[in-house]
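J.: Take a look at this one; I'll ask things after.
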Amino acid sequence: MENNNDVLLKVDHLCQYFRMGRKDLKAVDDVSFEIKKGEAFGLVGESGCGKTTTGRSIIKLYNITSGNVYFKGQRIGAGTRSYKDAIKNARNELKAFAKECKEEGTDEAKAKLQKKTEEVQAFIAEQKKEMASAIRDQKHCDKELVTKIQMIFQDPIASLDPRMTVRDIIAEGLVINGMTDKELINRKVYDILETVGLVREHADRYPHEFSGGQRQRIGIARAVVMQPEMIIADEPISALDVSIQAQVINLLNDLRDSMGLTILFIAHDLSVVKYFSDRIGVMYFGKLVELADSDELFKHPLHPYTKSLLSAIPLPDPVYEKQRTRITYNPLAEHDYSVDQPSFREITPGHFVYCNDAEEAKYREMVK
Amino acid sequence: MSKEIKLSVNNLKVSFRTDAGKVQAVRDISFDLYKGETLAIVGESGSGKSVTSKAIMGISAVNSIYEGGEILYDGQDLLRIPEEEMHKLRGDKVAMIFQDPLSSLNPIMRIGRQITEAMLLKNKANRQEGRTAFNTMLSTLSETMKKAFAEGGEKEVSTAEIERFIKTFDDFNIQAIKLENSYNESRTAAEELITIIEDLLFLSEKKQKVDVIATLKLVGGHLKSMTDKYFVTGYEAVLASHVSALENVKKIEKAKVSALDTAKKLVAGNAAKKEVSSETVAALREIQNTAKEMIARPKYDFFRIGYYVYKNPNTDLSKIPATEANEMAYQFLTDDFMSSFIIYEKIAVQYSVNKSLESKKKAIDELQAAIDFFKAGSFTAAEAHALCKSLDKSVRDSIDPLAVVKDSVAYTFGGALAREIEKYFFYVKNNPKEEARFAAQTAKREALLAKGKTGKAVSWKIVPKSVVELDEQIRIIVSVLSRVMNKFQADLDNAEYFDADKRCIEIIDYLKEKASQVVYKLTKRIAKERAIKLMEEVGIPEARLRYRQYPFEFSGGMRQRIVIAIALSANPDILICDEPTTALDVTIQAQILELINRLKRERDLSIIFITHDLGVVANMADRIAVMYAGKIVEYGTAEEVFYNPQHPYTWALLSSMPDLDTNEKLDAIPGTPPNMIYPPVGDAFAERNKYALEIDYEMQPPMFEVSPTHYAATWLLHPNAPKVEMPKIITDRINRMKEKGGNYGE
């Protein structure tokens, strides 16, 4: 917060809606967070809550609906919906005001209307300008910069082209970015293969010749070869075997140390996220409901959904397991947002919760 | 702990034929499943967990080969019984829940139909099967009786007399079946009535399209079809009043329809959508209550009544309340028929048991001789097979045909022995070949190595020897023999405790059960009601509405609940859960696990729970078996495996997963599981094991006993092995858990 240089990625009121017939599906709804350099940020939540969509929106696999994404201080993604809404609201307001004035019918009212119209027009012009800049940023952002964010996908089988050799898969990004020197490409590929714990000979093989853990290593190599500063790891271990999961986690940890990577780690396995991440954000139905340091989050979970999520973690401990009671979360029963709308607020330094005034007071009480 | 063993798997070996060679998926595993417990099988993919469960269900892939072993359930070896027999068990006694709920549901079939499908089919099959089972048992009984008296029983009873007795038994049972059938029809009508009315009222409440008049007609038809005097006695007047009330209501509804028609100029077909008037609701509710009352009344015992009516065709027992009638008919049946029938039956039972014991004595002698014969060694294939045949015959002869509970060991004896003998001779032929091949390959490799010392690296691989020690094979043959012998010896020792009266009653109960199975007919509507109850049991809200939905309209957790409901629909003894929560996320997973645990308690199920997640297991399992590369490497109670793990693989599994307090670097297991086409000679885990001893590469470790319930297959437990401490990460964690556990305990 204080030192802006530290912030590598800033997601600001990100919204990602999908058209579903007449209605919009709000996959990600007004999510804001910052990731500092060298940090591992975990994003957890149940399936369908928008974790993956957030990751994909950041890397511009979707055109975001509204909000901004800043990477190293530059805007790399922006949506226009919020400006459009603002313009619409302003116009409606003006219409209502005009109607009122007409009914009044005095000169004074006319003058007022004139003034208001000018104001609104100025506002709309400003918004349109912003919108144009957002569209420009969205379309023509710095390509060089965006290659510094890379993604690791969940399913190593589906995300590797079965007809390409490992060399082609890893080198594809380099080629696309204009690298033509074959020697250099080969050297890079071999280097990276060794970094992720494979050997040179593997470069000429096809993905189907590898085991699940090795395939995920190829996926990691493909991401790392671009010398990224940030990696978005979208459930990189959930399709792997238990004994292989630890290998991949250790590899990611090693890479993080040696290359100084910043990682956005998306997963639904809380124990792994806790182990891997410095800070954790909990998502529920497109909203970020809680965000805190990982130790803090597990020590003092505030939002009822976080509590229910934590109470559902199975642990390899029979005695504990038999006494564990699960907390259920029913948003309708837990919250009363009919009067007071909730927002994302900081309860203790670095610990944010999505709540309204009454709840904020309650949470503050709980932390004490 | 003398718990009842529900299922026991002994020395199971399963392989798969593939283009690349034979994949040995399961290599010699054994475990028992007790009644009402959860056995968890843990291991990574490819360790053979699912193959084991599929073998139990009899749904292995087409290229699978059962290379040995047996799966005993209720006296049958599931690997050997024909598919027709398996039909009766699969789903009915042993049910399975698969990993992905979406792929185990049919996407174009409504949920309701999928739940009731098996119920309806099974019911049909049961009714056919009941009749045959009844006839077989009765004819066996009659045969035995005849023999018993022919071979000098105490009383002189002619064959004709016996046949008359059996005929009487058969005849009055037919009478009973007729009566019960007619009773059941009326009862079914009543049960259907409840469903129909419930459906109509539910739909109208939900403002759905309903055809009131058609439903009312249906209700009227059902009311009229309730004619069986045993069912309706005492309610005739009430039913008549219901019929007239229904007529009135129908008039009201019709008037409403025509009013609507004229008002809105609707065609008759479109008039269906409208609300049900309050009079109709009241009338229907009353009918429903009456039906419920009638169903709740005590049932007549038609086995007894059947005899009474058979003897006195002109009497009408329906005037007397059920309990009294049952009592009276019972008295009559006992005095007039059963007492003497049971005396005969008892003689037959005693005779059959004695005969079986006698032949068991003989069989034991033969078996003893056979053991000596095999132990002596030198025998030819023809001799061995001939002996096997004669042994099989004498063992089969000594099976008591009147035993209701089948003797598993004796039934499967012949096949098992023949297989082992065949194997013995296969190895006699194959071992020298294998040795020669191995020697040739080794020589080739040596030559290459010698040549290539200066050149390239040699990547020549030797396929390991698959040689079986012949002595070992003989030992297995002897163990098959001695198992039957011990069983027979035990039977002989227990002979004096044999209770002929109990056996007689068992036989009669069996016949009774089969007879009523014939007449029990499940209709679609009753099945629906039952399905809705099941759906409510597994926690699906608004079951009646969701009954008509398709699988894609459900969320992942709800889908898995549906799959569980389908599995439970036949009321199984054993439930196999093959990674039921892997496709679900944490909160839903917790719900499903709670559901399975609750159902286990309520229904006293035995569960085999297959998973790769040790965290999930801790909550569920009473006992845990850890599998690696087709073998069980450690098994024990949950507490033992989690707090005192012994096998390095279990350590590795535990230490490779972070828990909430882990901060240190994870102990990843290096490498990948071995290729099961060429399984290693020694311990399969040795390659990835940092505690591996030299012997691990040469010999497979046997199961070492840690405690009477805890076994592990690792050479580290051998008295001569060096002392190796558990990895620190695990000891730390266990200490932490113990602390926590202590806190929770207080």
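J.: Within the set of other residues whose C-beta is less than 13 Å from the C-beta of B:Leu470, count the net charge using Lys and Arg as +1 and Asp and Glu as -1.
T.: The answer is -2.
J.: Once Lys and Arg get +1 and Asp and Glu get -1 on their Cβ, which of A:Asn89, A:Ala134, A:Ile124 lies farthest toward the positive end of the dipole of the range A:81-139?
T.: About the Cα centre, the residue reaching furthest to the positive side is A:Ala134.
J.: So how compact is chain A: Cα radius of gyration and Dmax in angstrom?
T.: For chain A, the Cα radius of gyration and maximum Cα-Cα distance read 24.4, 87 Å.
J.: Here is a further query. Enumerate the aspartates and glutamates that B:Lys465 could reach by cross-link, defined here as Cα to Cα under 14 Å, with residues fewer than 8 away along the same chain left out.
T.: B:Glu434, B:Glu435, B:Glu698
J.: While we're here: Mind jotting down a quarter of the surface of the convex hull over the alpha carbons of the range A:23-67, in square nanometres, one decimal?
T.: Result: 3.9 nm².
J.: Other chains' Cβ within 10 Å of B:618-625 residues: what's the mean?
T.: 3
J.: While we're here: Give the share of C-alpha pairs in each 20 angstrom bin for the protein assembly as shown, from 0 to the last occupied bin, in whole percents, shortest bins first.
T.: Bin by bin from 0 Å, the calculated values are 9, 29, 32, 21, 7, 1, 0.
J.: If you take each beta carbon of peptide A:264-273 and count the beta carbons of other chains within 10 angstrom, what is the mean?
T.: For this peptide, the per-residue mean of nearby foreign Cβ atoms is 3.
J.: Quick one: putting +1 on the C-beta of Lys and Arg, -1 on the C-beta of Asp and Glu, what dipole do you get for the range B:505-594 around its Cα centre, in Debye to the nearest 20?
T.: Dipole size: approximately 700 debye.
J.: Oh, and also: Would you work out the charge dipole size for chain B about its Cα centre, treating the Cβ of every Lys and Arg as +1 and the Cβ of every Asp and Glu as -1, and quote it to the nearest 20 debye?
T.: It works out to roughly 2820 debye.
J.: A further question on this structure: Among A:Ile149, A:Ser311, A:Ile263, pick out the residue whose Cα is farthest towards the positive end of the charge dipole of chain A, where Lys and Arg carry +1 and Asp and Glu carry -1 on C-beta, about the Cα centre.
T.: Selected residue: A:Ile149.
J.: Compute the relative contact order of the range A:81-139 as a whole-number percentage, counting only Cα pairs closer than 8 Å that sit 6 or more residues apart in sequence.
T.: Relative contact order of the range A:81-139: 48 percent.
J.: Could you work out the equivalent-ellipsoid semi-axes for the range A:81-139, taking the square root of 5 times each eigenvalue of the Cα gyration tensor, largest first, in whole Å?
T.: So the three semi-axes of the range A:81-139 are 30, 11, 4 Å.
J.: If you don't mind, there's one more thing I want to ask. Roughly speaking, what is the stretch gain from B:Ala125 to B:Ala160, that is 0.36 nm per residue apart minus the C-alpha to C-alpha distance, in nm to one decimal?
T.: 9.1 nm
J.: Still on this model: Using alpha-carbon positions, what is the distance between the centroids of the range B:358-406 and the range A:136-171, in Å?
T.: Result: 70 Å between the Cα centres.
J.: Also, I was wondering about something else. List, in the order given, every pair from A:Lys37/A:Lys143; B:Lys217/B:Lys524; B:Lys22/B:Lys429; A:Lys10/A:Lys287; B:Lys502/B:Lys524; B:Lys147/B:Lys521 whose Cα-Cα distance in the structure shown is over 27 Å.
T.: Over 27 Å Cα-Cα: B:Lys502/B:Lys524; B:Lys147/B:Lys521.
J.: Net charge around B:Ala590, counting only other residues with Cβ within less than 12 Å of its Cβ (Lys, Arg = +1; Asp, Glu = -1)?
T.: -2
J.: Oh, and also: Among B:Ala447, B:Ala370, B:Met485, whose Cα lies farthest out toward the positive end of the dipole of the range B:342-504, if unit charges sit on the beta carbon of Lys, Arg (+1) and Asp, Glu (-1)?
T.: Among B:Ala447, B:Ala370, B:Met485, the one farthest towards the positive end of the dipole of the range B:342-504 is B:Ala447.
J.: Any chance you could run the full-extension gain for B:Lys361 through B:Glu151? It's 0.36 nm times the residue separation minus the Cα-Cα distance, nm to one decimal.
T.: That works out to 73.6 nm of additional length.
J.: Okay, moving on. Between A:Lys182 and A:Asp6, what FRET efficiency follows from the Cβ-Cβ distance if R0 is 41 Å, with the result rounded to 0.05?
T.: Efficiency, rounded to the nearest 0.05: 0.55.
J.: Give the peptides B:196-204, B:239-247 in descending order of average Cβ contacts within 10 Å, highest first.
T.: B:196-204, B:239-247
J.: Could you pull the Rg and Dmax for the range B:565-703, using just the Cα atoms, both in Å?
T.: In Å, with Rg to one decimal and Dmax whole: 17.4, 52.
J.: Which of B:Asp228, A:Asp241 comes first, and how do the rest follow, when ranked by fewest Cβ neighbours within 10 Å?
T.: Sorted ascending by nearby Cβ count, the order is B:Asp228, A:Asp241.
J.: If you average over every viewing direction, what projected area does the convex hull of the Cα atoms of the range B:342-504 give, in nm²?
T.: For the range B:342-504, averaging the hull's shadow over all directions gives 12.8 nm².
J.: Please rank A:Met151, A:Met226, B:Met627, fewest neighbouring Cβ atoms within 10 Å first, as an exposure proxy.
T.: Ascending number of Cβ neighbours within 10 Å: A:Met226, A:Met151, B:Met627.
J.: Another question, if that's okay. Hull surface divided by four, with the convex hull built on the Cα atoms of the range A:259-368: how many nm²?
T.: 8.5 nm²
J.: What residue among A:Asn253, A:Asn356, A:Asn92 shows peak mean-square fluctuation when chain A is described by a Gaussian network model with Cα springs under 10 Å?
T.: A:Asn92
J.: I need to check one value: relative contact order of the range B:342-504, counting alpha carbon pairs closer than 8 Å and at least 6 residues apart, in percent.
T.: Worked out over the range B:342-504, it gives 39 percent.
J.: Still on this structure: Report the relative contact order of chain B, percent, no decimals, based on alpha-carbon pairs under 8 angstrom and at least 6 residues apart.
T.: Relative contact order here is 24 percent.
J.: Tilt of helix B:302-311 relative to the longest C-alpha principal axis of chain B, in degrees (0 to 90, nearest 10)?
T.: With both axes taken from Cα atoms, the answer is about 50 degrees.
J.: Now for a separate question. Could you state the angle between the C-alpha long axis of helix B:322-333 and the longest principal axis of the C-alpha atoms of chain B, as a value from 0 to 90 degrees rounded to the nearest 10?
T.: 70 degrees
J.: Just want the ordering: B:Leu599, B:Leu39, from fewest to most Cβ atoms lying within 10 Å of their own Cβ.
T.: The order, fewest Cβ neighbours first, is B:Leu599, B:Leu39.
J.: Shifting gears a bit: Take the cross-link list B:Lys360/B:Lys423; A:Lys51/A:Lys322; B:Lys393/B:Lys487 and give me the ones stretching past 19 Å between alpha-carbons.
T.: B:Lys360/B:Lys423; A:Lys51/A:Lys322
J.: With just the Cα atoms defining each centre, how far is the range A:52-106 from the range B:577-649? Give it in Å.
T.: 51 Å
J.: When Cβ neighbours within 10 Å are restricted to other protein chains, what is their mean count per residue of peptide A:232-243?
T.: 4
J.: FRET efficiency for B:Lys444 and A:Asn250, Cβ-Cβ distance as r, R0 = 35 Å, nearest 0.05?
T.: 0.30
J.: Follow-up. Quote the charge dipole size of the protein assembly as shown about the Cα centre in Debye, to the nearest 20; the model charges only the Cβ of Lys and Arg (+1) and of Asp and Glu (-1).
T.: Using Cβ point charges on Lys, Arg, Asp and Glu, the protein assembly as shown gives about 3600 debye.
J.: Indicate the helices, whole DSSP H runs only, in chain A that combine a mean Kyte-Doolittle hydropathy of 0.0 or more with a Cα extent along their long axis of 20 angstrom or more.
T.: Span-like helices in chain A: A:242-259.
J.: Under 24 Å between alpha carbons: how many lysine pairs meet that in the range A:69-122, if sequence neighbours fewer than 8 apart on the same chain are excluded?
T.: Pairs that pass both the separation and distance tests number 22.
J.: Sticking with the crude label model, points 7 Å out along Cα→Cβ, report the distance from B:Ile213 to B:Arg598 in nm, one decimal please.
T.: Each label point lies 7 Å from its Cα, and together they span 4.5 nm.
Rule-based calculations on the coordinates, nothing more; no lab input. All values derive from a computational prediction rather than experimental measurement. Methodologically, a virtual Cβ is constructed for each residue, glycine included, from the backbone with ideal geometry; neighbour enumeration extends over all protein chains shown.
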